[in-house]
Every structure is written in C-alpha cells, then in structure tokens.
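Trainee: Mind looking over this structure? Questions follow.
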Amino acid sequence: MSTWIWIAVAVVAVGLYLSWTAGRLDRLHARIDAARAALDAQLLRRASTTLELATSTLLDPAASIVLYQAAHAARTATEEGREVTESELSQALRAVLGDQAQVDALRTLVGGEEIVADLASAARRVPMARRFHNDSVRAARAVRRHRVVRLFRLAGHAPFPMAFEMDDEPPATLSPA
C-alpha cells in the first residue's frame, strides 16, 4: 500500500512541476508580447518624430527627403522587412544629424529645440525597448530548450520567440543641450 502512496506523491509532484513550468512559460510569452508592443510603440514614435522633422522645413530639402523616405519606409514596413527598414532609419538619422554644428543650428530655429528634444528622447528609448524585448526572448528560449518542456510540449502552439535585431544607435549629436 505504501508503494502506491509514494507513486501517487511522485505523480502529483511531477504534475505540479509541469504545471508550474507551463505557467512560467506562459508568463514569459506574455512578457514578450508586452515588450514587443512597447518596442513597436517606441519605433513608431521615433518614425513619427522623424517625419515631423522632415516635413517641418527646418532642414534643407535633401536632408528632409532622406529622412522622410527612411521614416515612411519604417512606418509602412511589413513584419519581415521591419528590422532592415528600422536600421536604415537609424543610419539616415546619423547621416543627416551627424554634424554637431548642424544640430546646434537646428536647435536655434523656431520650434527646433522642441523637435530635437523629442527626436533625442525617441531615439534613446528605442535601444532600451529593444533590449527589454530581446531579454524576454532570451529567457523564454532558455526555458523552451529544456528537455521536459519539449517532451511534454509545454509551449503548446506558441511560435518560437525571435529577437529583434537592428541598428539602433542614435546619433551622438542628439545628446541633451
């Protein structure tokens, strides 16, 4: 009789462990979804602020066109090409706003200080949001690699989490004045 009790205790313990692991994996997937939404919001904010700068007539026409095209491409990108277009927007920002004298001159124009501050804030938040997202992905991948998770298919039908890799370095000239 005591053998059956030990077997029942072992089955309950394994069941509790599997349930706890499945719950943990579910929370990690929810955290990934929340981090991805925050990343998308920050990328959209950066592209919108860039479009605002590009259409503000504060820049010369060539710089405005470069920024406008890169920001528009980033805002309208499909999920497959999003990393590339966001990287291109980062490169365009560094190319157009890479000269400190130009940024200082932009700040002296009417409305320039505000738009530069908004763009600097948006450009600073993108790397943080991407880092939070990629950290969540890394944690979920670590749990999903365990044999028990794969054997009992505790991840269900959730897609394998993918990191968001892009060039997110903001222009050095966008530091606070």
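The values are calculated or read from the model by the stated rules, or taken from the named source; none is laboratory data. Keep in mind that this is a model prediction, so the values were computed, not measured. Glycine also receives a Cβ, built like all others from the backbone with ideal geometry; neighbour counts cover every protein chain displayed.
Trainee: Hey, can you tell me all the residues within region 71-92 that are aliphatic (A, V, I, L, M) and within 18 Å of the chain's Cα centre (by Cα)?
Mentor: Those that are aliphatic (A, V, I, L, M) and within 18 Å of the chain's Cα centre (by Cα): 71, 73, 74, 77, 84, 89.
Trainee: Which ones in region 148-167 are within 22 Å of residue 131 (Cα to Cα) and not hydrophobic (A, V, I, L, M, F, W, C)? Quick ask: steps written out before the conclusion?
Mentor: Looking only at region 148-167, we keep the residues that are within 22 Å of residue 131 (Cα to Cα), and these are 158-167.
Within region 148-167, 159, 161, 165, 167 qualify.
Trainee: Sticking with this one: Of the residues 114, 86, only one is without any contact (Cβ under 8 Å) to a residue 24 or more places away in the chain, part of a helix (DSSP H, G or I) and either surrounded by 13 or more Cβ atoms within 10 Å (Cβ to Cβ) or of a type in the set (D, E, K, R) (or both); which? Quick ask: steps written out before the conclusion?
Mentor: Values: 86 fails: without any contact (Cβ under 8 Å) to a residue 24 or more places away in the chain.
Matching residue, one of 114, 86: 114.
Trainee: Scanning region 143-162 for residues that are aliphatic (A, V, I, L, M) and in contact with a Leu (Cβ under 9 Å, 6 or more places away or on another chain), which turns out surrounded by the fewest Cβ atoms within 10 Å (Cβ to Cβ)? Even if it seems obvious, please write down each step before you answer.
Mentor: First, pick out the residues of region 143-162 that are aliphatic (A, V, I, L, M): 143, 148-149, 151, 154-155, 158, 162.
Narrowing the set further to residues that are in contact with a Leu (Cβ under 9 Å, 6 or more places away or on another chain) leaves 143, 148-149, 154-155, 158.
Values: 143: 17, 148: 12, 149: 17, 154: 20, 155: 19, 158: 14.
That would be 148.
Trainee: Of the residues in region 49-106, how many are over 14 Å from residue 123 (Cβ atoms) and basic (Lys, Arg)?
Mentor: Within region 49-106, residues that are over 14 Å from residue 123 (Cβ atoms) and basic (Lys, Arg) number 2.
For (1) outside any helix (DSSP H, G or I); (2) of a type in the set (Asp, Glu); (3) closer than 30 Å to residue 162 by Cβ, each residue gets a yes or a no:
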{"site": "32", "(1), (2), (3)": "no, no, yes"}
{"site": "44", "(1), (2), (3)": "no, no, yes"}
{"site": "48", "(1), (2), (3)": "no, no, yes"}
{"site": "65", "(1), (2), (3)": "no, no, no"}
{"site": "73", "(1), (2), (3)": "no, no, yes"}
{"site": "78", "(1), (2), (3)": "yes, no, yes"}
{"site": "92", "(1), (2), (3)": "no, no, yes"}
{"site": "95", "(1), (2), (3)": "no, no, yes"}
{"site": "101", "(1), (2), (3)": "no, no, no"}
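Trainee: When you check residue 64 against the structure, is it at pLDDT below 95, of a type in the set (S, T, N, Q) and at negative phi, yes or no?
Mentor: No: the conditions fail for residue 64.
Trainee: If residue 56 satisfies every condition in (1) in a helix (DSSP H, G or I); (2) over 25 Å from residue 166 (Cβ atoms) but one, which is the exception?
Mentor: So the condition that residue 56 fails would be (1).
Trainee: Of the numbered conditions (1) closer than 15 Å to residue 36 by Cβ; (2) charged (D, E, K, R); (3) over 10 Å from the mean Cα position of the chain (by Cα), residue 147 satisfies every one except a single condition; which is it?
Mentor: Among (1) closer than 15 Å to residue 36 by Cβ; (2) charged (D, E, K, R); (3) over 10 Å from the mean Cα position of the chain (by Cα), the lone unmet condition for residue 147 is (1).
Trainee: Go through region 127-153 and count every residue that is more than 30 Å from residue 43 (Cα to Cα), outside any loop (DSSP other than H, G, I, E, B) and touching a residue at least 40 places away in the same chain (Cβ under 8 Å).
Mentor: Of the residues in region 127-153, 2 are more than 30 Å from residue 43 (Cα to Cα), outside any loop (DSSP other than H, G, I, E, B) and touching a residue at least 40 places away in the same chain (Cβ under 8 Å).
Trainee: Hey, can you tell me all the residues within region 163-177 that are surrounded by fewer than 18 Cβ atoms within 10 Å (Cβ to Cβ) and either charged (D, E, K, R) or at positive phi (or both)?
Mentor: If the condition is that a residue be surrounded by fewer than 18 Cβ atoms within 10 Å (Cβ to Cβ) and either charged (D, E, K, R) or at positive phi (or both), then 165, 167, 169 are the ones that fit.
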